[in-house]
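S.K.: This is the structure, below, for whatever I ask next.
Values quoted throughout were computed directly from the atomic coordinates according to the rules given, and no laboratory measurement underlies them. Computed from a prediction, not measured in an experiment: that's the story for all the values here. Note that we place each Cβ from the backbone using ideal geometry, even for glycine, and neighbour counts take in every protein chain shown.
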Amino acid sequence: MGVSQDAIDDARDLADQVNGNDGERVVTLWKENVPAYSVFTHCRWRTQMVAGAAGAVRIYEGIDAAEIASVCDLLGIDMKLRPDVLWGVRVMEEVAAPVFNRRME
């Protein structure tokens, strides 16, 4: 249900490496991206358990369009903004999925 704490910590560690931050997390969120960010952070990801020789692994596949629409309804996102919100969520999903699915070596 939602993203695991390990996946969140991995994403933060990766962001620190990329941005060269020394533990301080500073993110600039433009006003026009606030609705998409709000929807993205409230959505549940579709996951699947995959079993192999090394054991079972949870794979983060993405966010269903119905989930995005439901969250837009619950958050009261204006209908005129929804195409942009959907696009923004898909962009964030594309960036986040490889981080969530990264395996510890």
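S.K.: Tell me, in nm to one decimal, what length is gained between Glu32 and Lys80 on full extension, where the rule is 0.36 nm per residue of separation less the Cα-Cα distance?
M.R.: Separation in residues times 0.36 nm, less the Cα-Cα distance, equals 16.0 nm.
S.K.: Okay, moving on. Let me spell out the model: positive unit charges on the Cβ of Lys and Arg, negative unit charges on the Cβ of Asp and Glu, origin at the Cα centre of region 5-100. What dipole size does that give, in debye rounded to 20?
M.R.: Numbers: 9 positive and 16 negative charges, 59 e Å.
The calculated dipole for region 5-100 is roughly 280 debye.
S.K.: Around Asp73, what is the net charge, scoring Lys/Arg as +1 and Asp/Glu as -1 over all other residues with Cβ under 12 Å from its Cβ?
M.R.: Combined, the nearby Lys, Arg, Asp and Glu give -1.
S.K.: Fully extended, how many nm does the chain gain between Arg58 and Ala97 (0.36 nm per residue separation, minus their Cα-Cα distance)?
M.R.: 12.9 nm
S.K.: Once a ≥ b ≥ c are taken as the square roots of the eigenvalues of the Cα gyration tensor of region 5-100, is the result rounded (a/c under 1.5), prolate (a/b larger than b/c) or oblate (a/b not larger than b/c)?
M.R.: Taking the square roots of the gyration eigenvalues as a ≥ b ≥ c, region 5-100 is oblate.
S.K.: Distance in nm between label sites at Asp6 and Trp87, each 7 Å beyond Cα in the beta-carbon direction?
M.R.: In this crude spin-label approximation the distance works out to 3.7 nm.
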